[in-house]
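Engineer: Structure below; questions to follow.
Any read-out appearing in this document is the output of simple, stated calculations on the displayed coordinates, not a laboratory observation. Given the structure is predicted, the values throughout are model-derived calculations rather than measurements. A quick note on method: Cβ atoms are made from the backbone with ideal geometry, for glycine too, and the neighbour counts reach across all protein chains shown.
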Amino acid sequence: MVRGMPPLEALGPSTAIGLILFVMLWFALGTQRNVSKGNKLLRWLQHGLPIVGRRTTIRWLGSSAIELGIVEPHAPFREATVVVVLEPRDVPLLWTFARSRGRRDFVIIRANLVRAPAFTMDMRDLSGWTGRREKGEAEGEWHDSGGRTVALAGPGADEALIRGAWDRLSGLTSGVWRLTVQPVVPHLEVHFRPPLGDGAGSERIVGPIRDLAAKLAGE
């Protein structure tokens, strides 16, 4: 045995303890970071949510998601939910994998309307975390809409309306990943990344979504 070197049988437990301490520290710092990011996004959203409804309930789903339920929604909304989805910063391996696949903090708005849309249309950004097509989804002829964007339009779909909403929201956010319209609930679903820095206020993003919902509901 080399003088001054710890015995080999002690290296295993020491390494395990060090790894446990590292994971615990990462978890604590990652959770703290997500809480800070989540609260920042909640403050950003508070100016746009009154467009959808009078009051909002807030529920943290672990440390990586926040669900906001809209109470007493305004027409054309019958029901609406906003979900803030954060990167899994508290789990290092999961965070590394998710980030390598393009996951970032994003917002989901799901809404049921007072009258169901008369058609189905789905637009996706294939480079977005939720824009990729998954096995078991409805089949159909997906059309290239430029760049990494594809669209699937059902019979009678108002493609100009949906593409116009997509382009408008893309210019106000850090990217739209998915925009789905369908006669079954949820009637309208939008996934987008909030703007960075001094980007658009949430009311400038929620407003066009409300306008789209009104047209889909025939108002």
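Engineer: Expressed in nm to one decimal, what extension gain is obtained for the pair SER170 and ARG133 from 0.36 nm per residue of sequence separation less their Cα-Cα distance?
Structural biologist: Values: separation 37, 0.36 × 37 = 13.32 nm, distance 1.97 nm.
Contour length minus Cα-Cα distance gives 11.3 nm.
Engineer: Across region 84-134, how large is the tail of the calculated P(r) beyond 17 Å, expressed as a percent of all Cα pairs?
Structural biologist: Working: 656 of 1275 pairs.
For region 84-134, the fraction of Cα-Cα distances above 17 Å is 51 percent.
Engineer: Per DSSP helix of 4 or more residues, -39500 (n - 2.57); summed, then divided by the residues of the chain. What does that give at 222 nm, rounded to the nearest 500?
Structural biologist: -12000 deg cm²/dmol
Engineer: Separate question: At 7 Å along the Cα-to-beta-carbon direction for both LEU94 and ALA65, put a label point, then send me their distance in nm to one decimal.
Structural biologist: Once both label points are built, they end up 1.0 nm from each other.
Engineer: With a bin width of 10 angstrom, please list the P(r) values of region 9-216 as percents of all Cα-Cα pairs, from the 0 bin to the one holding the largest distance.
Structural biologist: In whole percents, the pair-distance histogram is 8, 31, 33, 17, 6, 4, 1, 0.
Engineer: Still on this structure: In square nanometres, what is one fourth of the surface area of the convex hull spanned by the alpha carbons of region 113-219? Present the calculation step by step, with values, prior to reporting the outcome.
Structural biologist: Values: hull surface 27.5 nm².
Computed as one quarter of the Cα hull surface, the answer is 6.9 nm².
Engineer: Still on this structure, please answer the following. Distance in nm between label sites at ASP198 and GLU72, each 7 Å beyond Cα in the beta-carbon direction?
Structural biologist: Between ASP198 and GLU72, the label points sit 3.6 nm apart.
Engineer: Now a separate question. Can you list which of the DSSP-assigned H helices in the chain have a Cα extent of 27 Å or more along the long axis and an average Kyte-Doolittle score of at least -1.0?
Structural biologist: 8-45
Engineer: Still on this model: What number comes out for the charge environment of ARG103, summing +1 per Lys or Arg and -1 per Asp or Glu over other residues with Cβ under 12 Å away? The partial results should precede the final answer.
Structural biologist: On the way: positive: ARG89, ARG99, ARG101, ARG104, ARG132, ARG193; negative: GLU87, ASP105.
With Lys, Arg at +1 and Asp, Glu at -1, the neighbours total +4.
Engineer: Tell me the volume per residue, in Å³, of the convex hull enclosing the alpha carbons of region 156-219.
Structural biologist: In region 156-219, the Cα hull volume divided by residue count equals 78 Å³.
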